[in-house]
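The values are calculated or read from the model by the stated rules, or taken from the named source; none is laboratory data. Note that the coordinates shown come from a computational prediction; the quantities given were computed from them, not determined experimentally. Backbone-built Cβ (ideal geometry, glycine too); neighbour counts: all protein chains shown. The protein model used for the area step is the full one, side chains on, heavy atoms only, and it has no ligands, DNA or RNA in it. Shrake-Rupley method; radii C 1.70, N 1.55, O 1.52, S 1.80 Å.
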Amino acid sequence: MVGRKNKRMIVLFLIPAMFIYVMVFIYPVLRTFVMSFFAVEAIETPIAAWTFAGLNNYIGLFRIDLFNRSVTNYLTLWFVGGIAVLFLAMVYAVILTSGVRLKKFWRAVIYLPNIISAIALGTMWINYAFRDNDGLFDRIVEAVGGQTPVMWTGPYMGLWSLLIAYCFGMVGYIMLTFISGIEKIGDEYYECASIEGANIFHKFFFITLPLIRGVVRSNIVIWTVSLGTGVFAWSFMFSPTNLTLPYTMPPNYMREIIFGGRGSAVVQRDSGAAASVGILIALLVVVISVVSSLITRKDDVEM
Amino acid sequence: MTRNKTIREPVKLKKELKLTPGYLLCAIWAIFTFLLIGWTLAASLVTPREIFGGDVIGTFFERLLRFDLVFNNYRLAWGAQNLSRFFLNSVIYVTISLPLIIIISAPAAYALSRFRFRFNALVQGLTSISMGIPAVMIIMPIFSLATALRMTGTRTTLVFLYIGMSIPFTIFYLLPFFKNLPSGLEEAAAVDGCSPVRTFWRIMFPLAQPGIITVTIFNFITLWNEFFISMIFANDAQIRPIAVGLFNMVQGMRYAGHWGAMFASTVIVFAPTFVLFIVLSNKILTSVTGGAIKG
């Protein structure tokens, strides 16, 4: 067991990490939570000058069109993008575990966007793939006889273009966790099913999917957590000079009301409300984690 | 267990035929990715006028055959537009952060994975929860704290945050590496009169090296690409890391019409993580889910 010397060592080894946890996570989270219930104009305002406002920050936020739009955008991206990413990741995971040649190469290519800076990737998407007339997507539309320019980065398609570009970078990571889940399933299940005459779809729905339910759950949580920070850069790329309706996302709105920022008089500085935005983003993560664990906990399979 | 076959199979036509839709989908993804990156590379080596001319990749090959690629784009991006400064900033931040992250995380992961004590479960729980906390929840209090300490817009604050953000994942990732080391190593060292702290640095730390190297690669990629925290805490052009620098440059160059230089800067920014990935892709890909996620 733990001797006295060991005890000293444990304390010594944990102190720096605990200091970071308190400074970077525990204290900020608590303070942001409290702040969301107070009227605070500037971020530098000391606690003594905060005035209690109850739920006013939250109520006030939902009276602002720009914020409401950012919530709708965010939830659309979360839901539609989430389904698309999980679906594509699952399809590619099944393909790569079905015995294709060059598996390592395909896996690397699909993961590749994940390691490229969002700003670099966004520059390529906006200035090449989505460019009007001679961009890749317009060329494809033109080739199949569609009307160009589609205006991929215009007000109508904007959110969907952002969604496509953001999801492109996320599929690889989610796919890898699916692959590791699928590879834990024993070969004998599939061999047995093959002998019984099952095709690839039977195998997927009756063997793979039930056995990787836990991975699906953790991928939903991963998707939700990463969206909160990940979408910030993309919203910025699509709308660099000020907040615009099709691309506004809650973290970007939050930055705007903390720092004022990009020369817009539309938004008033309000740090209390900014804290509420932070809480709402975190709330989605908490709700999704709890709900998905409640739904799938009972029938999880031990492997 | 895994379906990796080291012996090359003979081509069975029937089997390959069945897999055709799979190959097709993989090929679509690969072609698109190569076009996206290849076009950007090509565009970074031709003139802005040619970028609007349409066939960028064709022009690129023409120029390549004539040994006439427009390297001036890179010169402009690197020198006149100050990308070199942002690049250097990021190199500095990463060089300082990466070792410090390990020096703080490895001992903590070791203590948590090999000793039973009262708050062990609590600290491990905190580690998992911290990984799920969105950055939007932590920036405001830290910003006001930095203001109170007159440390906003300093490199120290930025590096401190980079380190802080990376620690939960690093501890979490290293836990199984220490846990799976043979038991009894500590006792043997103690018998030889080695103190617990020395035992860790001399024996356990080197043995966990595979995990430490892998997690450092991940941390490098994360920090090199980090945008949110940097955007909030590095407003001053002097201390901007590369992602924020690129963002500002791209906006400026679009207005100025420096299209070639814009793509050149994009290439310079993604080159380090890209090359690292090409060289180490197998190691990276098998470790993403290795210690971290249990299926």
* What size of dipole, in debye to the nearest 20, comes out for region A:64-296 about its Cα centre when the only charges are +1 on Lys and Arg C-beta atoms and -1 on Asp and Glu C-beta atoms? -> 320
* Asked: Using the C-alpha atoms of chain B, what convex hull volume per residue, in cubic angstrom, is computed?
  -> 220
* **Most positive-pole-ward Cα, B:ILE129, B:GLY22, A:GLY169, against dipole of the protein assembly as shown from beta carbon charges** => B:ILE129
* Structure fact -> Ignoring ligands, DNA and RNA, the residues of region B:85-115 whose accessible area with a 1.4 Å probe is reduced by 50 Å² or more relative to the chain alone are B:ILE104, B:PHE115
* Provide the per-residue ³J(HN,Hα) series for region B:131-147, in order, calculated from phi with Karplus coefficients 6.51, -1.76, 1.60 and θ = phi - 60°, each as a whole number of Hz, with x at glycine and proline positions. => 5, x, 7, x, 4, 4, 6, 10, 5, 5, x, 5, 5, 5, 4, 4, 5
* Structure fact -> With a ≥ b ≥ c from the Cα gyration tensor eigenvalues, square-rooted, and the rule rounded for a/c under 1.5, otherwise prolate when a/b > b/c and oblate otherwise, the protein assembly as shown is rounded
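Any idea what the dipole of the protein assembly as shown comes to, in debye rounded to 20, about its Cα centre with Lys/Arg Cβ at +1 and Asp/Glu Cβ at -1?
On the way: 46 positive and 28 negative charges, 277 e Å.
Using only the charged Cβ atoms, the result is roughly 1320 debye.
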* Structure fact -> Of A:142-148, B:101-107, A:249-255, ordering from highest average Cβ density within 10 Å down gives A:249-255, B:101-107, A:142-148
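So how strong a dipole does region B:49-183 carry about its Cα centre when Lys and Arg Cβ are +1 and Asp and Glu Cβ are -1, to the nearest 20 debye?
Values: 11 positive and 4 negative charges, 117 e Å.
Its charge dipole is roughly 560 debye.
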* **Cut-off 20 Å (backbone N to label point 7 Å along Cα→Cβ of B:LEU181), residues of region A:4-22** => A:4-18
* Asked: Measuring with a 1.4 Å probe in the full set of protein chains, what accessible area per residue, in whole Å², belongs to chain B?
  -> 47
* **Accessible-area order (highest first, 1.4 angstrom probe) of the listed residues B:PHE86, A:PHE201** => A:PHE201, B:PHE86
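Mind checking region A:46-103 for chymotrypsin sites (Phe, Trp or Tyr not before Pro) that DSSP puts in a loop (not H, G, I, E or B) and that have at most 16 other Cβ atoms within 10 Å?
Working: sites: A:TRP50, A:PHE52, A:TYR58, A:PHE62, A:PHE67, A:TYR74, A:TRP78, A:PHE79, A:PHE87, A:TYR92; in loops: A:TRP50, A:PHE62.
Those satisfying the criteria are A:PHE62.
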* To do: Would you grab the residues whose amide H sits under 5 Å from the one on A:PHE38? Only those 5+ places off in sequence or on another chain, please, with H modelled 1.01 Å from N.
  => A:ALA53
* Accessible carbon and sulfur surface of chain A relative to its total accessible area, %, 1.4 Å -> 68
* **Cleavage-rule hits (trypsin sites (Lys or Arg not before Pro)) in region A:21-122: DSSP loop, at most 11 neighbouring Cβ within 10 angstrom** => A:ARG63
* Structure fact -> Per the charge dipole of region B:81-256 (beta-carbon charges, Lys/Arg positive, Asp/Glu negative, Cα centre), the residue among B:SER113, B:SER90, B:SER166 reaching farthest to the positive end is B:SER90
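May I ask for the accessible area buried between chains A and B, both sides summed, probe 1.4 Å, to the nearest 100 Å²? Walk me through the numbers before you get to the answer.
Details: alone 18070 and 18560 Å², together 27520 Å².
Between A and B, the summed buried area is about 9100 Å².
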* **Angstrom value of the Kirkwood radius, inverse mean 1/r, which spans all Cα pairs in chain A** => 22.6
* To do: Output ³J(HN,Hα) for region A:129-134: one whole-Hz value per residue in order, computed from phi by the Karplus curve 6.51 cos²θ - 1.76 cosθ + 1.60 with θ = phi - 60°, and x for Gly and Pro.
  => 4, 9, 5, 5, 6, 9
